[in-house]
Amino acid sequence: MDTLQNRLDIIEDRIDAAVRRAGRSRDEVKLMAVSKTRTRPEVEEAYGLGLRLFGENRVLEAQEKFLGLPSDVELHLIGHLQRNKAKIAAATVGCVQSLDKISTARALEQHCAALDKTMAVYIEINTSGESSKEGITDDQELSSTVEELLSLPHLRIRGLMTMAPFTDDEDAIRASFRTLRRQREHLASRFPAGDFSELSMGMSSDFELAIEEGSTLIRVGTQLFGARR
Ligand SMILES: *Cc1c(COP(=O)(O)O)cnc(C)c1O
């Protein structure tokens, strides 16, 4: 039967196999349920199956859907954040994974300060070179974004996020994930005050490759909830 439970079981089996191939352990990889376009009852069903980490692309959709869910739900923004939505983001999500602009970071800092709240952030890096994708491409810009983040008291850098290119070419996908891992190593040695432990990479079509390349957090939508409407 095609139920959420069955799809989750299949994903868990595939995660287990991938961590074994990579000589890693299951607890090194978090599974995020990407619930964009899904309904509140679908989120509640996923919660009932033990899922706690959710990802949404749009701040307003997240705000509406997640209001009043149990406090152990962890909600991350994984879609582009516009500066004029920073206030709602500060109040709605526990982490922004898609940070790629200093101006957005400053707006987020200001609103988190007003709420007396500390927010985890990941920097989104464009590792595919595809212009349709968000994320920082320039090394200099990446360094100055990290420097800025380290100076903002209500934001805590936790890692990096990327999307692989949209292709069947496994080598190109792996290259993208390796670029993110190398950036992490580079930043960790250059900015010892920062915490770059999380590598958010891998989606429905490529999460096994991502796990083999060192992902600590995979973001799965369609494989879990079915095709998006
Ligand atoms: C939609 C989305 C996902 C999940 O995509 P699926 O292919 O449905 O698993 C993951 N990450 C980001 C940034 C997304 O926008």
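Bear in mind that the values in this text are calculations on the coordinates, not laboratory data. What you are looking at is a predicted structure, and each value in this text was computed from that prediction instead of being measured. With ideal geometry, Cβ positions are generated from the backbone for all residues, glycine too; neighbour counts draw on all protein chains shown.
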Original post:
Working out 0.36 nm times the residue gap between R228 and E28, then minus their Cα-Cα distance, what length gain in nm do you get to one decimal?
Top reply: 69.2 nm
Subject >> Built amide H within the under 5 Å cut-off of R156, gap 5+ >> reply: M119, A120, V121
**OP:** Output ³J(HN,Hα) for region 221-229: one whole-Hz value per residue in order, computed from phi by the Karplus curve 6.51 cos²θ - 1.76 cosθ + 1.60 with θ = phi - 60°, and x for Gly and Pro.
**Re:** x, 4, 5, 8, 9, x, 4, 6, 6
Subject >> Long-range amide H partners of M161 with built H, under 5 Å >> reply: I123, E124, I125, S200
Subject >> Cα pair distances in the chain, grouped into 10 Å bins until the bin that holds the longest one, percent each >> reply: 8, 34, 38, 19, 2, 0
**OP:** Counting residues in region 70-114 as N, plug N into 2.2 N^0.38 Å and put the Cα Rg over that result.
**Re:** 1.09
Original post:
How long are the semi-axes of the ellipsoid equivalent to region 86-196, from square roots of 5 times the Cα gyration tensor eigenvalues, in whole Å, largest first?
Top reply: 26, 16, 11
Original post:
Given the options R38, R184, R20, which has the most mean-square fluctuation in a GNM of the chain, springs set between C-alpha atoms less than 10 angstrom apart?
Top reply: R20
**OP:** Take the cross-link list K30/K133; K36/K117; K30/K101; K30/K65; K85/K117; K30/K87 and give me the ones stretching past 20 Å between alpha-carbons.
**Re:** K30/K133; K36/K117; K30/K101; K30/K65; K30/K87
**OP:** Compare S200, S189, S71 in a GNM of the chain, Cα atoms joined below 10 Å, and give the one with the largest fluctuation.
**Re:** S71
Original post:
Taking the simple approach of a point 7 Å from Cα along Cα-to-Cβ for both E61 and E148, what is their distance in nm?
Top reply: 2.6 nm
Original post:
Using 7 Å Cα-to-Cβ label points, what is the D16/F191 separation (nm, one decimal)?
Top reply: 3.8 nm
